[in-house]
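One structure below.
All of the numbers you see were taken from the coordinates with simple rules; none came from a lab. Model, not experiment: these values are computed from the prediction. Cβ placement follows ideal geometry from the backbone for every residue including glycine, while neighbour counts extend to all protein chains displayed.
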Amino acid sequence: MDNIIPRPVLVKPASGTFTLTAASNIYVEPATPELTAIGQYLADKLKPATGYALKVLPATGTPTAGAANGNIYLTVVEGDLSLGEERYDLTITPDLVKLVAYRPVGLFRGIQTIRQLLPPAIDRASVQAGPWQMAAGTIRDRPRFAWRGMMLDVARHFFSVADVKRMIDLIAYYKMNIFHLHLTDDQGWRIMINSWPKLATYGGSTAVGGGSGGYYTQADYADIVAYAQSRYITIVPEIDLPGHTHAALASYPELNCNGTAPALYTGTEVGFSSLCINKDITCKFLDDVIKELAAITPGPYIHIGGDEAHSTPLDDYQKFIEQVQPIVQKHGKQIVGWEEIAQSRLIPKSIAQHWKGDRAGEAIKQGSKVIISTASKAYLDMKYDASTRLGQDWAGLVDLPTAYEWDPATEVSGAADSDVLGIEAPLWTETLETSRDIDYMTFPRLPGYAEIGWSTQAGRNWDEYCVRLGAQGPRLTALGINFYRSPQIPWQ
Ligand code: TNX
């Protein structure tokens, strides 16, 4: 019970152990399609290693401990939502696992705790010996922050739907709830926009280093969104504007101020491209792109980028951000942008993402909330140490303690706790080409970011955390993750 990541709010061990057997059932109450699906998700996660085909059945009341016959009960009850929708209470006795939440999402988060209470071999893809025991006790848990995310850059290098789903599943294990997809950049446009098809077919045809690139059809994107939804994760799609737009400019000559399309770009410079702010066609382009993206995005957010627009004059930039916000709003979505957007007037509910500099403070003064992604602490593409083969080091080296020992609430000066929505760890992929590369930079730092977002600040310290992370080693191995075996961690 002491090895869970993220660290729960309250853990009270008791004596005895629960043993999962082939005869265990998973009972859900009320037996709605949603709760049945959550029960089935748990059954599916337990099946490969145990070989058990656990049944998901409707329950009528939870039996008292002693009469529960080794079953698992997942229940949603009415209750005080002031502690958040993701709250759950877990009780384990020698013959009962009882998980109670106020919303289905709370059950889903609690199931990740159940998985981590079983032996690490539970995460293997083939049948293992068992026994499948869990220590008895109670856990009471809820997240500190509402936004606990990872970002994947699929523009610098493209990653398949299967690669993306795999990451969604892995962040779900650590109770994260946001997956930000950086869909467009100078080197590639990765989402089909039916009214501007060459963005994807031509603008998406290459990548950093000159590879063949790729893009998601709208059906692919819908598939990713549905997969994330079933794991209670919101997809935040980003169209990076008005800089980082070379792939769009290369696809349509009319988007350029001089009417001429440049060649595709496969390098790694930033800050050289800009939409032509004062052309009418730019407005139509924005409206078309955002309309189509909003229509296939059930989540409340669209990320408009806004970073490093070094080739857009400041007054044009301000005008542009002020133009694009009502368009996003008109299509029913809330704006997220990198902190540079605070140079413009922000409409209420726009969210600024802090990565470098002090613009997030200006956003807060305008009434916005902020997401914390400080590059020198939370960038998954920074090298661990000088010998790391992949990644970059412009924001510094981010070893395991650097990634873990900080508080999102104190990153932006003048921010109150209530100004901070949460944390996000971005993975930029200039140097990353394969799913194994993604794994290596993401793990083992990601469980720490998940914990920073979920667990109380007072309950966290490095000396204690690194032991728990060490205990996750066999799980990461069982999950087939190509993780960096940092010498700073006492791996089990
Ligand atoms: C800065 S972070 C960028 C990205 C790069 C990244 C590389 C941000 C908002 N912009 O365009 O990929 O550095 O670490």
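Kindly point out which whole DSSP H helices in the chain project their C-alpha atoms 15 angstrom or further along the helix axis while averaging a Kyte-Doolittle hydropathy of 0.5 or above.
Values: long enough: 33-50 (26 Å, -0.18); 104-117 (20 Å, 0.32); 161-173 (18 Å, 0.77); 218-229 (16 Å, -0.06); 280-295 (23 Å, 0.45); 314-330 (25 Å, -0.66); 462-478 (24 Å, -0.41).
Going by DSSP H runs, the hits are 161-173.
Restricting to the range 2-113, what percent of DSSP beta bridges are antiparallel, rounded to 5? Before the final figure, lay out each step's value.
Working: 6 of 20 bridges.
Taking every DSSP beta bridge within the range 2-113, about 30 percent pair in antiparallel fashion.
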Above-threshold pairs, the threshold being 19 Å between Cα atoms, out of Lys291/Lys356; Lys45/Lys165; Lys198/Lys284; Lys291/Lys333; Lys175/Lys369; Lys284/Lys330: Lys291/Lys356; Lys175/Lys369
Packing-based exposure ordering (other Cβ within 10 Å, fewest first) of Asp288, Asp80: Asp80, Asp288
Residue-wise HN-Hα coupling along the range 180-191, computed from phi with Karplus coefficients 6.51, -1.76, 1.60 (Hz; x: Gly, Pro): 9, 9, 7, 8, 9, 6, 4, 8, x, 10, 10, 10
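Based on the mean of other Cβ atoms within 10 Å per residue, sort peptides 441-451, 189-199, 32-42, 125-135 so the most packed one is first. Walk me through the intermediate numbers first.
On the way: 441-451: 25.1, 189-199: 20.2, 32-42: 18.2, 125-135: 14.1.
Ranked by mean Cβ neighbours within 10 Å, highest first: 441-451, 189-199, 32-42, 125-135.
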Whole-angstrom gap from the range 332-391 to the range 215-290, using each part's C-alpha centre: 19
Dimensions (Å) - the range 150-245, Cα atoms, principal axes, largest first: 36, 27, 25
Percent breakdown of C-alpha pair distances by 10 Å bin, ordered from the shortest bin, for the range 66-153: 15, 40, 32, 12, 1, 0
Burial ranking of peptide ranges 469-481, 373-385 (average Cβ count within 10 Å, highest at the top): 373-385, 469-481
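Can you show me the helix-derived [θ] at 222 nm for the chain, built from DSSP H runs with n ≥ 4 at -39,500 (n - 2.57) apiece and divided by the number of residues, rounded to the nearest 500.
-9000 deg cm²/dmol
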Amide proton proximity set for Ala207, modelled H, under 5 Å, gap of 5+: Gly213
More than 29 angstrom apart: percent of Cα pairs within the chain: 50
In Hz, Karplus ³J(HN,Hα) per residue of the range 129-140 (6.51, -1.76, 1.60; θ = phi - 60°; x = Gly, Pro): 6, x, x, 9, 10, 10, 5, 6, x, 10, 10, 10
In Hz, Karplus ³J(HN,Hα) per residue of the range 81-93 (6.51, -1.76, 1.60; θ = phi - 60°; x = Gly, Pro): 8, 5, 8, x, 6, 8, 5, 8, 10, 10, 10, 10, 10
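Using 0.36 nm times the number of residues separating Leu10 and Ala22, minus their current alpha carbon distance, what extension gain do you get? Intermediate results must be reported in sequence, preceding the final value.
Numbers: separation 12, 0.36 × 12 = 4.32 nm, distance 3.02 nm.
Roughly 1.3 nm would be gained on extension.
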Paramagnetic reach from Ser376 (point 7 Å along Cα→Cβ, amide N under 11 Å) across the range 411-446: none
Asp463/Gln323 FRET efficiency (R0 35 Å; Cβ-Cβ; nearest 0.05): 0.10
DSSP bridge orientation in the chain - percent antiparallel, rounded to nearest 5: 30
Residues whose placed amide H lies under 5 Å from that of Gln353, excluding near-sequence neighbours: Gly337, Trp338, Glu339, Ile371
The range 232-367: radius of gyration over Cα atoms, expressed as a fraction of 2.2 N^0.38 Å: 1.02
Listed residues Leu476, Ile38, Tyr215: farthest to the positive end of the dipole of the chain (Cβ charges): Ile38
Hull shadow area, averaged, the range 1-151 [alpha-carbon convex hull, nm²]: 9.2
